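Take a look at the structure set out below.
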Amino acid sequence: MTTSEATTSDQLDDLPLPPGPNSYPVVGNTLGFLRDPFEFYDSLGDYGDVVSYSVAGEDFCTLLHPDYVEQVLVTEESKFGKSEFVQDAGERFIGNGLFASEGEFWRRQRTLIQPAFYRERITSYTEPMVDFAASAAKSWNDGETIRIDEAMKRLTLRILSKTLFDLDIRNQQSAIRDAVQAINDKGDASSVDAFLPDWVPTATNRRFRRATDDFDDVIETLIQKRRGEPPGDDFLSILMHATDEHGEGMSDEALRDEMATFLFAGHETTVLALTYCWYLLSEHSEVREKLNHELDSVLDGDTPTMADIEKLEYTDEVVREALRLYPPAYVVFRQTKEDVEIGGYRVPAGTTLTLPLFVIHTDDRWYDDPEQFRPERWTTEFEDSLPDYAYFPFGGGPRHCIGMRFANTEIRLVLATIAQHVEFDCHTSDLDLRMGTTLEPTNGIEMTVKKR
Ligand code: HEM
């Protein structure tokens with residue numbers, strides 16, 4: 001060991017552990033967390049910006065300051081791995097896909113996959129995004145009541161199935177749809193199931209295993225079929241033909257894991273981003289009017305294209321603000337690989353770190369009226385004044401969301417297309433949320449369609 005390393009580790013040993021709520025023997029803070037995870041997170045700020053506690057036998061530390069988010073995701077990212085707790089929960093479905101993998105394997109996969117998300121590629125997916133959104137809007141009758149969250153699920157899964165697999169799954173009983181539902185149920189943080197290994201025979205686990213087996217069969221059949229076909233434009237095809245600098249491609253197992261990962265990471269997140277946009281727009285008529293005005297003047301009744309997106313400035317602010325208030329990926333998890341100093345505290349190796357976006361995004365140190373939906377706040381001056389990582393809906397650093405451009409394009413195009421045809425009256429004035437794999441409405445959201 002060099003002198004400087006010795007000094008550093010000596011200094012680390014002298015640092016105090018982070019403060020946190022009182023914990024009970026054996027169960028730690030599990031009961032408080034399960035009773036009301038929102039209240040639990042709310043109470044953490046009383047202890048400072050680095051707060052430790054334990055849930056279900058795991059040591060946790062929550063970071064509430066943008067500087068510490070940046071330290072973990074960017075400046076000292078090599079000291080933090082993906083959290084085992086999250087890897088174990090998703091292992092059976094997403095395997096060693098990009099979200100969970102680490103080290104050299106992750107780096108190679110990320111390099112192989114990156115070109116599939118280049119702008120030209122995403123541009124080629126805009127047609128199904130806009131066409132499927134227009135056909136959803138046309139299928140609704142004036143005065144009809146719909147579940148907007150379910151409608152967005154059907155629409156975005158149709159878009160994702162087309163772009164990922166070149167499959168149109170509309171109206172079909174689909175193993176892809178079932179797998180997406182099962183993994184989301186499995187991830188419900190307010191349920192004990194989220195903390196149990198897959199082999200424990202609970203109803204959720206049984207459904208999860210069955211859905212994952214069916215999904216595997218579908219993907220295996222698709223991969224075999226595609227091996228005999230000329231290359232297509234969908235992600236599966238692109239990844240099947242991607243090669244590294246030695247001319248080596250991906251194994252069938254790696255392909256399966258990546259496709260499952262895109263579904264896991266890319267579906268529910270986009271559903272929720274859109275659902276919350278519609279919810280917020282229906283609650284704020286003045287914002288909706290401004291949005292209508294922009295869509296009418298920029299698009300003049302035409303369907304939006306990739307090139308229109310940058311002209312739709314207010315639409316962009318609406319989406320940003322919705323992702324601030326309701327970040328679908330509401331917590332980013334990491335695990336310390338070694339003892340680390342964060343904010344003057346020693347955070348021991350093996351601690352699960354949580355970076356709660358939904359808390360940091362509504363901190364009045366960075367945002368005026370933090371709970372208010374105010375798209376207009378997103379001026380250039382405001383963005384320049386905002387500390388880095390006070391807003392990070394797509395994560396940050398080397399592991400930031402690879403699907404960010406895809407999602408940003410899809411959300412804006414779907415929003416602009418549907419909003420040209422309809423408005424919504426919401427029946428739910430107080431949203432009850434639950435911490436699942438994503439931050440989702442507990443009971444779904446009903447809305448009445450008003451044709452424009
Ligand atoms: C509104 C939509 C979305 C949101 C809010 C979102 C958010 C995030 C966040 C916060 C991360 C970082 C996780 C971490 O650091 O642990 C992430 C990673 C990831 N996202 Fe997304 N995402 C969205 C859409 C998508 C889409 C559409 C896809 C794919 C089609 C996708 C694929 C991924 C993958 C593969 C990773 C892991 C990247 C890596 O570790 O190299 N996401 N996403």
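The values are calculated or read from the model by the stated rules, or taken from the named source; none is laboratory data. Given the structure is predicted, the values throughout are model-derived calculations rather than measurements. Methodologically, a virtual Cβ is constructed for each residue, glycine included, from the backbone with ideal geometry; neighbour enumeration extends over all protein chains shown. Ligands, DNA and RNA are excluded from the accessible area calculation, which covers all protein heavy atoms including side chains. Shrake-Rupley method; radii C 1.70, N 1.55, O 1.52, S 1.80 Å.
In region 123-136 there is no residue matching the filter, namely being over 20 Å from Pro304 (Cα atoms), in contact (Cβ under 8 Å) with a residue 24 or more places away in the chain, open to solvent by 20 Å² or more (accessible area, probe 1.4 Å) and touching a Lys or Arg at 6+ places or on another chain (Cβ under 8 Å).
Contact map, region 31-50: first residue over 19 Å from Ala390 (Cα atoms), second residue β-branched (Val, Ile, Thr), Cβ cut-off under 7 Å, separation 6 or more or different chains; pairs are Phe33/Val55. Looking only at residues of region 296-327 that are open to solvent by less than 10 Å² (accessible area, probe 1.4 Å) and more than 14 Å from Arg412 (Cα to Cα), we find that the one that is farthest from the ligand (Cβ to nearest atom) is Arg324.
Conditions tested, residue by residue: (1) over 18 Å from Phe165 (Cα atoms); (2) open to solvent by 10 Å² or more (accessible area, probe 1.4 Å); (3) touching a residue at least 40 places away in the same chain (Cβ under 8 Å); (4) away from the ligand (no atom under 12 Å from the Cβ).
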position: Thr204; (1), (2), (3), (4): yes, yes, no, yes
position: Asp214; (1), (2), (3), (4): no, yes, no, yes
position: Asp233; (1), (2), (3), (4): no, yes, yes, yes
position: Asp244; (1), (2), (3), (4): yes, yes, yes, yes
position: Glu253; (1), (2), (3), (4): no, yes, yes, yes
position: Ala260; (1), (2), (3), (4): no, no, yes, no
position: Thr269; (1), (2), (3), (4): yes, yes, yes, no
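Selection of region 369-390 for residues being within 16 Å of the ligand (Cβ to nearest atom) and open to solvent by 50 Å² or more (accessible area, probe 1.4 Å) yields only Asp388. Only residues that are at pLDDT below 90 and either within 12 Å of Val271 (Cβ to Cβ) or crowded, with 20+ Cβ neighbours inside 10 Å (or both) were counted across region 442-452, and they come to 1. Going through (1) open to solvent by 50 Å² or more (accessible area, probe 1.4 Å); (2) in contact with a helix residue (DSSP H, G or I) (Cβ under 7 Å, 6 or more places away or on another chain) one by one, Leu63 falls short only on (1). With respect to Asp213, determine if the residue is assigned to a helix (DSSP H, G or I), modelled with pLDDT under 60 and not aliphatic (A, V, I, L, M). When the stated conditions are applied, Asp213 does not pass them.
Would you confirm whether or not region 417-430 contains a residue that is open to solvent by 30 Å² or more (accessible area, probe 1.4 Å) and part of a helix (DSSP H, G or I)? Checked against the condition, which is being open to solvent by 30 Å² or more (accessible area, probe 1.4 Å) and part of a helix (DSSP H, G or I), region 417-430 yields at least one hit. Remark: pairs (first residue in region 403-414, modelled with pLDDT of 95 or more and of a type in the set (Lys, Arg); second residue open to solvent by less than 10 Å² (accessible area, probe 1.4 Å) and more than 7 Å from the ligand (Cβ to nearest atom); Cβ separation under 7 Å; 6+ apart in sequence or on different chains) = Arg405/Ile122; Arg412/Leu312; Arg412/Thr315; Arg412/Val319.
Within region 332-344, how many residues are open to solvent by 10 Å² or more (accessible area, probe 1.4 Å) and not in a loop (DSSP other than H, G, I, E, B)? If you could, list the steps in order and put the result at the bottom.
Applying the first criterion (open to solvent by 10 Å² or more (accessible area, probe 1.4 Å)) to region 332-344 yields 332-335, 337-339, 341, 343-344.
Remaining after also requiring not in a loop (DSSP other than H, G, I, E, B): 332-335, 341.
Selection size over region 332-344: 5.
When Val347 is tested against the conditions (1) under 29 Å from Ile176 (Cα atoms); (2) open to solvent by less than 20 Å² (accessible area, probe 1.4 Å), the lone failure is (1). Of all residues in region 150-181, those satisfying the criterion of being within 24 Å of Tyr276 (Cβ to Cβ), within 14 Å of the ligand (Cβ to nearest atom) and in contact (Cβ under 8 Å) with a residue 40 or more places away in the chain are Met152, Lys153, Leu155, Thr156, Leu157, Ile159, Leu160, Lys162, Thr163, Leu164, Ile176, Val180.
Within region 391-409, the set of residues being more than 8 Å from the ligand (Cβ to nearest atom) and open to solvent by less than 20 Å² (accessible area, probe 1.4 Å) comprises Thr409 only. Collect the residues in region 357-368 that are within 16 Å of the ligand (Cβ to nearest atom) and hydrophobic (A, V, I, L, M, F, W, C), keeping them in residue-number order. Result: Leu357, Phe358, Val359, Ile360.
Does Ile219 satisfy the condition of being open to solvent by less than 20 Å² (accessible area, probe 1.4 Å), within 24 Å of the chain's Cα centre (by Cα) and without any contact (Cβ under 8 Å) to a residue 60 or more places away in the chain? Don't jump to the end; show me each part of the working.
Working: open to solvent by less than 20 Å² (accessible area, probe 1.4 Å): yes; within 24 Å of the chain's Cα centre (by Cα): yes; without any contact (Cβ under 8 Å) to a residue 60 or more places away in the chain: yes.
So Ile219 fits the description; yes.
For region 10-27, filtered to residues that are touching a helix residue (DSSP H, G or I) at 6+ places or on another chain (Cβ under 7 Å) and modelled with pLDDT under 95, the residue that is surrounded by the most Cβ atoms within 10 Å (Cβ to Cβ) is Gly20. Restricting attention to region 271-285 and to residues that are open to solvent by 10 Å² or more (accessible area, probe 1.4 Å) and hydroxyl-bearing (Ser, Thr, Tyr), the residue that is farthest from Tyr326 (Cα to Cα) turns out to be Ser285.
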